[in-house]
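Engineer: Sharing a structure with you now.
The values are calculated or read from the model by the stated rules, or taken from the named source; none is laboratory data. Keep in mind that this is a model prediction, so the values were computed, not measured. Neighbour counts are summed over all protein chains in view; Cβ atoms, including those assigned to glycine, are modelled from backbone coordinates with ideal geometry.
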Amino acid sequence: MFTLIINIEANEGNVSDFLEGMKENAAYIIKNFKGCIEYDFYLDKESNVGEGESEYFELSLPKARHNIITVIEKWETSDDYDAYLRSDFAKSMTLEKKKFFDNSKWSLRGLKNAF
């Protein structure tokens, strides 16, 4: 399995519009592209998890970033993901959503299962 984690810094005030536009796209991708298992969007959540000390470690969550969207995609193989990226659909979707984000403020990490 190939997992991709993408953090997108959206332009201020565009998070809701971006997510609304991506609902249908995500469903379409899962249904129509070979190997797509999951295509989910997440926002930071305010939380007090980890406040205080533990005898084993110190853990606390940073403040929520209100304009950061985290996308988690799971694909059967990295070749399946690559085929999707080369598709006309992916190219047109990127151009369509460009107004919502600045491409220079993306971070990506590809992961493979450890076990």
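Engineer: Hey, could you check region 27-72 for residues that are under 20 Å from Leu108 (Cα atoms) and polar (S, T, N, Q) and say which is modelled with the highest pLDDT?
Structural biologist: Thr70
Engineer: Let me ask something else about it. I want to confirm something. Restricting to region 74-93 and keeping residues that are more than 16 Å from the chain's Cα centre (by Cα) and among the hydrophobic types (A, V, I, L, M, F, W, C), which single residue is surrounded by the most Cβ atoms within 10 Å (Cβ to Cβ)?
Structural biologist: My answer is Ala83.
Engineer: If I ask for residues that are aromatic (Phe, Trp, Tyr) and touching a strand residue (DSSP E or B) at 6+ places or on another chain (Cβ under 7 Å), which ones from region 85-111 would you list?
Structural biologist: The answer is Phe100, Phe101, Trp106.
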